[in-house]
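Take a look at the structure set out below.
The values are calculated or read from the model by the stated rules, or taken from the named source; none is laboratory data. What you see is a predicted model, and the numbers here were worked out from it, not measured in a lab. Neighbour counts are summed over all protein chains in view; Cβ atoms, including those assigned to glycine, are modelled from backbone coordinates with ideal geometry. When the accessible area is computed, the model is the full protein with side chains, heavy atoms only, and any ligands, DNA or RNA have been set aside. Shrake-Rupley method; radii C 1.70, N 1.55, O 1.52, S 1.80 Å.
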Amino acid sequence: MEPWNIVFLIGFIIYVVIRGIFEHKSKGNEQLVSRTDRRELLLMVIVALGTMVLPILYLFTSLLRFANYRLPVFLPWVGAVLMVAALWLFWRSHSDLGKHWSRTLEIQKGHQLVRHGVYRLVRHPMYAAIWLFSLAQGLLLENWLAGWSAFVAVAILYFVRVPHEERMMLEFFGQDYRDYMQQTGRIFPRVRHN
Ligand code: SAH
């Protein structure tokens, strides 16, 4: 296995471990509202294909070899830096969201609006982390399919899901979420004009 593929694999394992830890923590949650419909399930299949199935096929079989290519040597280094940033933000956002995390769109019993930590600056730091991870994947795996499948999957997830997620949050938290939207950007902090 190429050294950059090993860097990706280590990052991937850390990503899965972070998710596993917080999935475990949110296990006992009681749902109040669930928006787990066919669209949400399809999104999860697309994300699993792009971020797991294709990279694993590329790393452990020769099926995707036809789509290999070479990147300029400095780009995988950029990918490694993005990977570290992605994992840091993925960890921070899980830790700040705590038990309010859910795989699909849900509101739980006792759900509170989180506005601290990385959520003070942006409303979707976890999706920002996943965007960063998908860029890192593209720069570390030198294969058109396995490299960029995550970027395409995350783009679909982000642009399809976020409007529904924000609508759900607005329905549930009303003015508090409206105020929060005024103070934050989706994945980039808001530039303030004082
Ligand atoms: N979009 C967020 C969270 C993703 S997890 C991010 O990218 O960081 C998805 C769940 O998080 C949603 O079902 C919603 O219930 C919950 N959620 C999203 N933003 C939240 C917030 N600011 N406070 C509390 N829960 C939130």
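Select from the range 23-52 the residues that are part of a loop (DSSP other than H, G, I, E, B) and surrounded by 13 or more Cβ atoms within 10 Å (Cβ to Cβ) and list them in ascending order.
The answer is 26, 29, 35, 36.
Does residue 188 count as in a helix (DSSP H, G or I) and either open to solvent by less than 40 Å² (accessible area, probe 1.4 Å) or at pLDDT 95 or above (or both)?
Judged against the criteria, residue 188 is not a match.
State yes or no: is residue 154 within 21 Å of residue 19 (Cα to Cα), assigned to a helix (DSSP H, G or I), of a type in the set (Val, Ile, Thr) and in contact with a Gly (Cβ under 9 Å, 6 or more places away or on another chain)?
Yes, satisfied.
Hey, any hits in the range 122-138 for a residue that's within 11 Å of the ligand (Cβ to nearest atom), of a type in the set (S, T, N, Q) and crowded, with 18+ Cβ neighbours inside 10 Å?
no
Would you point out which residue out of 156, 107, 130 is more than 29 Å from residue 6 (Cα to Cα) and touching a residue at least 40 places away in the same chain (Cβ under 8 Å)?
Selected residue: 107, the only one of 156, 107, 130 that is more than 29 Å from residue 6 (Cα to Cα) and touching a residue at least 40 places away in the same chain (Cβ under 8 Å).
Any idea which residue in the range 53-69 is surrounded by the most Cβ atoms within 10 Å (Cβ to Cβ), counting only those that are touching a helix residue (DSSP H, G or I) at 6+ places or on another chain (Cβ under 9 Å) and hydroxyl-bearing (Ser, Thr, Tyr)?
This residue is 58.
Residue 96 is checked against (1) among the charged types (D, E, K, R); (2) open to solvent by 20 Å² or more (accessible area, probe 1.4 Å); (3) modelled with pLDDT of 95 or more and fails just one. What number does that condition carry?
Exception for residue 96: condition (2).
Within the range 1-23, work out how many residues are in contact with an Asp or Glu (Cβ under 9 Å, 6 or more places away or on another chain) and under 23 Å from residue 127 (Cβ atoms).
Of the residues in the range 1-23, 0 are in contact with an Asp or Glu (Cβ under 9 Å, 6 or more places away or on another chain) and under 23 Å from residue 127 (Cβ atoms).
For residue 115, are the conditions met, namely being within 11 Å of the ligand (Cβ to nearest atom), farther than 28 Å from residue 50 by Cα and surrounded by fewer than 21 Cβ atoms within 10 Å (Cβ to Cβ)?
When the stated conditions are applied, residue 115 passes them.
Within the range 67-92, which residues are part of a helix (DSSP H, G or I) and more than 18 Å from residue 11 (Cα to Cα)?
Scanning the range 67-92 gives 67, 74.
I'm trying to understand the selection: among the residues of the range 172-182, which are more than 9 Å from the ligand (Cβ to nearest atom) and in contact (Cβ under 8 Å) with a residue 24 or more places away in the chain?
Those that are more than 9 Å from the ligand (Cβ to nearest atom) and in contact (Cβ under 8 Å) with a residue 24 or more places away in the chain: 176, 181.
Is it true that residue 20 is under 23 Å from residue 145 (Cβ atoms) and open to solvent by less than 90 Å² (accessible area, probe 1.4 Å)?
The answer is no for residue 20.
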